[in-house]
Amino acid sequence: MTKAIAAIEVSGLHKSFGKTHALDGLDLAVETGEVHGFLGPNGAGKSTTIRVLLGLLRADSGAARVLGRDPWTDAVELHRHLAYVPGDVELWPTLTGGEAIDLLSRLRGGINKQRRADLIERFDLDPTKKGRAYSKGNRQKVAIVAALASDAELLLLDEPTAGLDPLMEVVFQDVIVEAKAAGKTVLLSSHILAQVEKLADRVSIIRLGQIVQSGTLSEMRHLTRTTIEVETERPAAGLDALPGVHDLQTIDAAAGRVRFAVDGGQVDGAVRKLTEFGIRSLISHPPTLEELMLRHYGDELAANGHSGNGNGAA
Amino acid sequence: MTTATKAPAPAAPVTSGNTLAGTRTLIRFNLRRDRVRLPVWILALFLGTISTANNYKQLYADPEDRANVVNTMDSPAGLAMSGPRHYLTDYNFGSMLGHQMLGFMAVLVGLMSVLIITRHTRAEEETNRAELVRSTVVGRHAHLAAALSVAVIANLVLALLLAVGLAGAGIDGIDGAGSLLYGLDHAAVGIVFAAVAAITVQMTAHARGASGMALAVIGLTYVLRAAGDTGSNGALSWLSPIGWVQRTYPYVDNRWWPLLLCLALAAACAAAGFVLSTRRDVGAGLRAEKLGSPVASDALGTPLGFALRLHRGTLVAFAAGLFLMGAMYGSILGDADDMLKDIDQIQEALDRIGGSSIAESFASMVMVVITVVAAVYVVMAALRPRSEETAGRAEPLLATGLSRARWVGSHLAVAMGGGTLVLLAAGLGFGISGAASTGDGGLFLKLVGAALAYAPALWVTVGVAVVLFGWFPRASAFAWIVPVYAFLVGYLGQILQFPDWMNNLSPFGHVPQLPAADMSWTPMLLLTLVAAGLVWLGLEGFRRRDLETK
């Protein structure tokens, strides 16, 4: 990585709405040119953070710089250099999708017509339909095309693929990879770990208005553990001695059923070992964000702060 | 699985092909949803009629007064605004009610009925609620049948209330049989328009479009009867259901058979609605959704061009409406002298306004009504940024290179410019037809000027709305107080004689009452300055606050 100026720099951000503290001392750093995953469960403060970065909301305290500017006082100038896709796109009922794309792009300062046409085709969007006739997924596409057809250097995407079908999700991923190759910086918020995993160079995890973890994905290897629940003919022994195996639990000793978590790179070794005991059934699933939250930060939820459940990160 | 203990669930009492299954439940459900709305509609229409009848008794106590009204009404303009000439042969309070109120009330009852139908059919489909209901044991025709039933119930309740209320009001010339017919006239025409809406809701996939089409039919039938009643033979009136009920001549001839025409038309339209509904899918219209331009025109790329696009429909509708309203008032301006000089209360009010002739004083009074309607437009337009904000459509716009001040400013520019334009349209209509009916060409410019004089007061109204939007966004709707108050003080106050300070609270109270009064520039300038100050204050507030997001 070259000597990069941070595209987004946030420190000690606080924002409350009445009695709820949406942001509680949030710190966030996004380097220029990277795709930064912004992960958190619903209501963690992702949208609030992005709206502060856009100058739509005013932080109670703390500092935020976006592309070297103050997002509240310098909002308009800043907006010429970024594009935003909200999580819940609302369109004007009497305007067509094409008109909405042009409107948003022109107000930002121009559009790349070639790219506009290309994106409309790839996302299979009908730009002649009126706003009220679009489904949620199609409204989302309108905002995505408007954002990506621009020459903005920073993309703020707030759960942009909510409502898109899996096929379009793939198109979206391709488009983001291209945007990154073109040198754009992307902040991609999501509550689905797998989506961010495919795209992000670095990830920040937000919970209750604070960043609880930030780093590259390999640094967060332990976050991508697969959970395996297995029933074997003979009791499986020696699993806990394997590298990368955590949280081994015996569910039903008589039936030979156990559950454990295994780091992404060590699944092969664990499954080989299991075959020695005769696998009767095997269920595996990647960790959901909510599970991660519960497993790694569940202790913070308890106000006593004493009931940690063996945070044995490798 | 042979369990003798549990009897098979009794089959629902639905024979195959029962397309009306569930209708009764839906009727109860619809009535429950409308438990506030419908009583308010019905009571408003009922009380409006009763108070009008009582007003007649007070305003036209002398037979001489009534003879004067006959003279005024016996002109093309008078007949176009009321009803057929036959009522004029014996102009007592009853025939007065039938002549002047029935056509106007038919439009309102039609509006109520159309809204009932669209609300319970197309609006339900548009929001996908109908889909959920239709997935249960509900027949294909149940929604429409239930909506029509509710419309019939509402119209019959209104008819009954009118019949009993009017018969019991103890007004000369308003008897029991006439009142029953008068009430049933309302029900008949209301049911016809409900059935018309049963067709239009099949045509388009959007409730607003369906209501719009049905309202266009109401407008057309009104125009047909107006044209027929002013002409010599009245044949055109026989093409209009409003014309039919007017030709039952309640309190005059008590002719019942035109009601049968209404019933037959309503039955035919409703049947057509049911048939058409089987030719389309749930949620879809008969007419395919119109496609639009895939790219934006150049004008759309500027904030002002975009705001104009959003306001276009409302602005054009208000300008056209106020032009017609002005033209209607203008057409009776020539007869104002004869009509009003013998009515003491109005005469007193006119004296207070001053002016060189009754026509000019009357024109000043009309201007107040015109201005209130223009103020309604202005508040709607000035509150548009608020509705865009709460709908979540402001957020993507304000994340572009568009500043908050320019965004709100573009809507305010349309509100202020549009408000002025709407006044101009009213002034033109009033001026053209007023000058024609009085034969005084000099009146044209006077009336246009009198209308435009209210523009600064409208700008203040915009300012009030912006201040609320900027500082107390959740209280934005309080901006509606301005036109409501202006109406109470400006219109009723002239007759009821409110104290001066009440008049001065309204921005419209400071406008010189042209053409009767003399022009004075100081209040105009002050109002403009106040408007500018309020707009600045509102923009400052909006610049400082959080955008409300979903």
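So which aspartates and glutamates can A:Lys113 reach, going by Cα to Cα under 19 Å and dropping same-chain residues fewer than 8 places off?
A:Glu99, A:Asp102, A:Glu121, A:Asp124, A:Asp126, A:Asp151, A:Glu153, A:Glu178, B:Asp298
Taking just the alpha-carbon atoms of the stretch B:23-278, what radius of gyration and Dmax come out, in angstrom?
Every Cα atom of the stretch B:23-278 included, Rg and Dmax give 19.0, 66 Å.
Taking every pair of alpha-carbon atoms in the stretch B:299-544, give the share separated by more than 24 Å as a whole percent.
Numbers: 14115 of 30135 pairs.
Value for the stretch B:299-544 (Cα pairs over 24 Å): 47 percent.
Working from the pairwise distances between different alpha carbons, so that the mean of 1/r is found and then inverted, what is the stretch B:295-341's Kirkwood radius in Å? Don't jump to the answer; show the numbers that get you there.
On the way: mean 1/r = 0.0744 Å⁻¹.
Kirkwood hydrodynamic radius for the stretch B:295-341: 13.4 Å.
Which value, in debye to the nearest 20, gives the size of the charge dipole of the stretch A:225-286 about its Cα centre, when Lys and Arg are +1 and Asp and Glu are -1 at the Cβ? Walk me through the intermediate numbers first.
Numbers: 7 positive and 9 negative charges, 14 e Å.
That gives the stretch A:225-286 a dipole magnitude of about 60 debye.
Before we go on, tell me the buried accessible area for the B/A pair, both chains summed, 1.4 Å probe, in Å² to the nearest 100. Please list the in-between numbers first.
Working: alone 25950 and 15480 Å², together 38160 Å².
For chain B against chain A, roughly 3300 Å² becomes buried.
Quick one: which bits of the stretch A:55-89 get at least 30 Å² less accessible when the partner protein chains are in, versus the chain alone, with a 1.4 Å probe?
At a threshold of 30 Å² (probe 1.4 Å), the residues of the stretch A:55-89 that become less exposed are A:Leu56, A:Leu57, A:Arg58, A:Trp72, A:Val76, A:His79, A:Tyr84.
Take chain A, compute every pairwise Cα distance, and split them into 20 Å bins from 0; I just need the percent in each bin.
Bin by bin from 0 Å, the calculated values are 29, 50, 20, 1.
Which of the trypsin sites (Lys or Arg not before Pro) found in the stretch B:379-474 are in a DSSP loop and have at most 11 neighbouring Cβ atoms, other than their own, within 10 Å? If you can, show how the numbers build up before the last one.
Details: sites: B:Arg386, B:Arg393, B:Arg404, B:Arg406, B:Lys446, B:Arg474; in loops: B:Arg393.
Passing both the DSSP loop test and the Cβ count: no residue.
When the Karplus curve 6.51 cos²θ - 1.76 cosθ + 1.60 is applied with θ = phi - 60°, which whole-Hz ³J(HN,Hα) does each residue of the stretch B:64-74 get, with x for Gly and Pro?
For the stretch B:64-74, the Karplus-derived couplings read 4, 4, 5, 4, 5, 4, 4, 4, 5, 5, 7 Hz, x marking Gly and Pro.
Please list, in chain and number order, the residues 5+ apart from B:Gly22 or on another chain whose amide H is under 5 Å from its amide H, with Hs placed from the backbone.
Residues meeting the amide H criterion: B:Gly139.
Using a/c under 1.5 as the rounded threshold, could you call the stretch B:268-371 rounded, prolate or oblate? The axes a ≥ b ≥ c are square roots of the C-alpha gyration tensor eigenvalues, and prolate needs a/b larger than b/c, oblate otherwise.
Values: a/c = 4.98, a/b = 1.83, b/c = 2.72.
Note, shape of the stretch B:268-371 comes out oblate.
To the nearest 500 deg cm²/dmol, what mean residue ellipticity at 222 nm is calculated for chain A from DSSP H runs of n ≥ 4 alone, each contributing -39,500 (n - 2.57), summed and divided by the residues? Don't jump to the answer; show the numbers that get you there.
Numbers: 9 runs with 93 residues, N = 314.
Mean residue ellipticity at 222 nm (helix-derived): -9000 deg cm²/dmol.
Ignoring any ligand, DNA or RNA, what whole percent of the accessible area of the protein assembly as shown comes from carbon and sulfur when the probe is 1.4 angstrom? If you can, show how the numbers build up before the last one.
Values: 22920 of 38160 Å².
Of the solvent-accessible surface of the protein assembly as shown, carbon and sulfur hold 60 percent.
Can you give me the C-alpha center-to-center distance between the stretch B:21-100 and the stretch A:40-116, rounded to a whole angstrom?
Taking the Cα centre of the stretch A:40-116 as reference, the centre of the stretch B:21-100 is 54 Å away.
Show me, for the stretch A:43-51, the HN-Hα J-couplings you get by feeding each phi into the Karplus relation (A = 6.51, B = -1.76, C = 1.60, θ = phi - 60°), rounded to Hz, glycine and proline as x.
Each residue of the stretch A:43-51 in turn: x, 7, x, 5, 5, 4, 4, 5, 6 Hz.
Using modelled amide H (1.01 Å from N, peptide plane; none on Pro or chain starts), what sits under 5 Å from the amide H of B:Arg393, excluding residues fewer than 5 places away?
Here nothing satisfies the definition.
Share of Cα-Cα pairs in the protein assembly as shown beyond 49 Å, in percent?
On the way: 145355 of 372816 pairs.
For the protein assembly as shown, the share of Cα pairs beyond 49 Å comes to 39 percent.
Rounded to the nearest 20 Debye, what is the dipole magnitude of chain B about its Cα centre when Lys and Arg each give +1 and Asp and Glu each give -1 at the C-beta?
Values: 38 positive and 35 negative charges, 598 e Å.
Computed about the Cα centre, the dipole is about 2880 debye.
In whole Hz and in residue order, list the ³J(HN,Hα) couplings for the stretch B:236-253 that follow from phi through the Karplus curve 6.51 cos²θ - 1.76 cosθ + 1.60, θ = phi - 60°; x for Gly and Pro.
Once rounded to whole Hz, the list reads 4, 4, 6, 8, 10, x, 5, x, 4, 5, 5, 8, 7, 6, x, 6, 10, 10.
How much area per residue is accessible in chain B when the probe is 1.4 Å and only protein heavy atoms are counted (Å²)? It would help to have the intermediate numbers written out before the result.
On the way: 24280 Å² over 550 residues.
Result: 44 Å² per residue.
Calculate the radius of gyration of the Cα atoms of chain B to one decimal place, then report Dmax, the largest Cα-Cα distance, as a whole number, both in Å.
Over chain B's Cα set, Rg and Dmax evaluate to 26.5, 99 Å.
Could you sort out which of A:Lys46/A:Lys198; A:Lys19/B:Lys550; A:Lys46/A:Lys180; A:Lys198/A:Lys273 sit more than 24 Å apart by Cα distance in this structure? Write out the running numbers ahead of the final one.
Values: A:Lys46/A:Lys198 19 Å; A:Lys19/B:Lys550 18 Å; A:Lys46/A:Lys180 21 Å; A:Lys198/A:Lys273 29 Å.
Beyond 24 Å: A:Lys198/A:Lys273.
What is the antiparallel percent of DSSP beta bridges lying wholly in chain A, to the nearest 5? Write down the numbers at each step before the final one.
Working: 39 of 57 bridges.
Just about 70 percent of them are antiparallel.
Can you tell which of B:Ile432, B:Phe472, B:Thr314 lies farthest toward the positive end of the dipole of chain B, using +1 and -1 charges on the Cβ of basic and acidic side chains (Lys, Arg; Asp, Glu)?
B:Phe472
Let me check something: with ligands and nucleic acids excluded, how do B:Leu31, B:Leu539, B:Leu526 order by accessible area (1.4 Å probe), largest to smallest? Before the final figure, lay out the partial values.
Values: B:Leu31 65, B:Leu539 45, B:Leu526 100 Å².
Reading off the accessible areas and sorting them downward yields B:Leu526, B:Leu31, B:Leu539.
Starting at 0 and stepping by 10 Å, how many percent of the alpha carbon pairs of the stretch A:225-286 end up in each bin?
25, 64, 11, 0
The values are calculated or read from the model by the stated rules, or taken from the named source; none is laboratory data. Fair warning: this is a prediction, and the values are worked out from it, not measured in the lab. Positions of Cβ are backbone-derived with ideal geometry, glycine not excepted, and every protein chain shown enters the neighbour counts. Ligands, DNA and RNA are excluded from the accessible area calculation, which covers all protein heavy atoms including side chains. Shrake-Rupley method; radii C 1.70, N 1.55, O 1.52, S 1.80 Å.
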